[in-house]
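Right, one structure below, let's go through it.
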Amino acid sequence: MQAAIYADTILIGHADLLLGDRSMGHIYGELLPTSAYYETVQRTVQDFCISTSLTASKWQSLRLNAQLANGYFLLPRGGYTIDDSPEFSSAPKRIDIAGIAADILSDFISSEPPRPFVEEPWEALTIEQKLALELELRQELGNVPATVQPHAHPLTNCRFSALCRFGPSDDVLFQLDCPTDSRKSFAIVHLMWSGKKESSPRFPSTTFYESFDEFKFYRMYPDKAVWED
């Protein structure tokens with residue numbers, strides 16, 4: 001499936017993503033860079049291709065994201081790599097993405113045609129909306145690790161990726177990567193829009209789903225039925 005590749009909010013290229021190693025959740029494709037790629041991230045990418053001393057935090061500072069043509073933002077547990085060696089700067093560039101959940105691979109990468117992502121009144125996000133929603137959730141959770149909190153919010157210590165929002169309210173669907181509970185794959189979070197850590201671990205309120213299909217059948221499709229009445 002076609003995907004747009006972002007560094008922060010900057011569109012740096014497009015790629016036709018293909019299934020690689022299913023067992024590793026691996027997809028890949030030729031990266032077709034925009035002019036912004038050369039202006040903003042190529043030097044960092046090439047430094048990583050030739051250096052062993054650069055830190056993971058430097059790479060993560062690029063804030064790479066891939067949004068599929070249907071609007072779905074990927075959450076790769078294994079991260080992104082871009083092959084762009086300065087020794088072969090005119091050669092095609094390749095992006096590899098690892099650790100994609102099996103159901104996402106089946107629904108959106110290997111199926112023909114790919115399955116739809118959202119149904120009204122749920123709405124896909126722009127990159128700007130995605131990053132803003134993730135920032136708000138981080139602020140409401142605070143930055144203190146759950147291990148030093150007697151009663152932590154269940155999303156504390158989880159990685160998360162905003163996927164879509166419920167048009168009539170502040171409900172947002174996030175995909176999760178929670179090291180202590182792999183069953184927490186997706187969650188609807190009702191953001192408080194306080195811009196600060198909530199005083200109670202009950203907020204922001206959160207409903208968990210074990211799979212994207214569970215979210216669709218128990219929340220998105222019922223919402224669609226009510227919306228169309």
In this structure, is Ser110 modelled with pLDDT under 95, under 14 Å from Gly20 (Cα atoms) and of a type outside the set (A, V, I, L, M)?
yes
Of the residues Leu163, Leu141, only one is closer than 24 Å to Gly99 by Cβ, at pLDDT 85 or above and more than 16 Å from the chain's Cα centre (by Cα); which?
Leu141
Of all residues being touching a helix residue (DSSP H, G or I) at 6+ places or on another chain (Cβ under 9 Å) and in contact (Cβ under 8 Å) with a residue 24 or more places away in the chain in the stretch 49-68, which is surrounded by the fewest Cβ atoms within 10 Å (Cβ to Cβ)? Just the residue, please.
Ile50
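The values are calculated or read from the model by the stated rules, or taken from the named source; none is laboratory data. Since the model is a prediction, treat every value here as computed from it, not as a measurement. Cβ atoms come from the backbone with ideal geometry, glycine included; neighbour counts cover every protein chain shown.
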